[in-house]
Amino acid sequence: MKNPALKLIDTDAAEKWQQILADLITDPKDLVEFLALDPAGRPPGLKAQQDFPLRVPRPFAERMEKGNWQDPLLRQVWPDREEEQAHPGLVTDPLAEAGFNQQPGLIRKYRGRALLMAAPHCAIHCRYCFRRHFDYQANTLSRAQWQQSIDSLRQDLQLREVILSGGDPLANSDAQLAWLLEQLASIPQLTTLRIHSRLPVVIPQRMSRELLAMLSNCRLQTVLVIHSNHSQELDARCQESFAELAANGITMLNQAVILKGVNDNVPALKALSERLLQCHVLPYYLHLPDQVAGTRHFLVDADEARALIAALRSQLPGYLVPRLVQEIPGEQSKTLLA
Ligand code: SF4
């Protein structure tokens, strides 16, 4: 254990997160009722709902403001009719990942790093998601296929970091994660494990004592990149579990997306950075949204985003100003915009 003196968070989390995952809000009518919204205010897009169904964990819905169609958390999950409009330039694979997905479950873009699609599903469906059209079915692996992918990583002597992505890697059971971590830790040249997950935000109960112990006992330096776009997402329970993770040697970073109507203003971005710091998480990246089919209503112009970062810089210390980046297909790394 990296810091055995610290007691891991003791919650009733272990038994709860899977129940919460089994009881997601999936019917738009139920969400409207739960939030006491006027149903006439924003009828759902039926095709949008069919193509990428609503999925909202109840602990996340509880952080939405009742009766407010403009709520920034609601906007991120609501299957809007605007998604059904086709727009030139918006595509289903905006990062051209298919070309790097030569082995099921594995994406190799950068030397020294490999990305494992560690789960074929998420706890929440974020409407702006760049993988909302990804072929998860073709990338759902059996244990034997996992073993093959891990064996191929073992042959790459340049490999230093494995990134667990998805879907959401923490949607796996603890038993599955334990097996995966054990396999990865046995690759001698590997030094770092990076986990990208929105689950610690949307179902903080996921950060069970067992999971915290597993991560802090792992031989690999562990970096947990949470995905939070708005300060309202980070409640006291998130803060408590992130503090424990940080205290146990896990590096905590946040990756956000700048989204129209959610966080495309200085007060929202400033509040997010300040709230992250309270939660022991550093703001790392602010992504310009990818050019994903069905997400035009979220897009923010690069110049507008640059101006927001400049304004943030005048109000916050440098370590609280995220790097504004864009993923450009075919580029060797993310493109820094500000
Ligand atoms: S949790 Fe991440 S991968 Fe899943 S839908 Fe949201 S943005 Fe996409």
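A short reminder: the numbers here are calculations on the coordinates, not readings from a lab. Since the structure is predicted, the reported quantities are computational estimates derived from the model, not experimental observations. With ideal geometry, Cβ positions are generated from the backbone for all residues, glycine too; neighbour counts draw on all protein chains shown.
In the chain, the calculated helix contribution to ellipticity at 222 nm averages -9000 deg cm²/dmol per residue, counting -39,500 (n - 2.57) for every DSSP H run with n ≥ 4. As a proxy for reagent exposure, 110, 319, 284 were ordered by neighbouring Cβ count within 10 angstrom, fewest first; the result is 319, 110, 284. With a 10 Å cut-off between alpha carbons and a GNM built on the chain, which of 166, 318, 261 moves the most? Judging by the Gaussian network model, the answer is 318.
With respect to the cross-link table entries 66/270; 66/334; 29/334; 47/260; 16/109; 16/260, which display a Cα-Cα separation exceeding 27 Å? Over 27 Å Cα-Cα: 66/334; 29/334; 16/109; 16/260. Note on residue 303/residue 323: beta-carbon distance plugged into 1/(1 + (r/R0)^6) with R0 of 25 Å gives a FRET efficiency of 0.90.
Within the listed set 175, 118, 256, the residue fluctuating most in the Gaussian network model of the chain (springs between alpha-carbon atoms under 10 angstrom) is 175.
Which order do the peptides 55-67, 190-202 take when ranked by the mean count of other beta-carbon atoms within 10 Å per residue, highest first? Each step should come with its number before you reach the end.
On the way: 55-67: 17.5, 190-202: 22.8.
Top of the packing list down: 190-202, 55-67.
Considering the chain as a Gaussian network with a 10 Å cut-off on Cα pairs, which listed residue, 72, 204, 188, attains the greatest mean-square fluctuation? Per the Cα network of the chain with a 10 Å cutoff, 188 tops the list.
Using DSSP, restrict attention to beta bridges with both residues in the chain and report what percent are antiparallel, rounded to the nearest 5. Intermediate results must be reported in sequence, preceding the final value.
Details: 7 of 35 bridges.
Among the beta bridges of the chain, antiparallel pairing accounts for roughly 20 percent.
Note the angle between two axes, namely the Cα long axis of helix 302-313 and the longest principal axis of the Cα atoms of the chain, as a number of degrees from 0 to 90, rounded to the nearest 10. The answer is roughly 70 degrees. Taking a sphere under 12 Å around the Cβ of residue 26 and counting the other residues whose Cβ falls inside, with K and R at +1 and D and E at -1, yields a net charge of 0.
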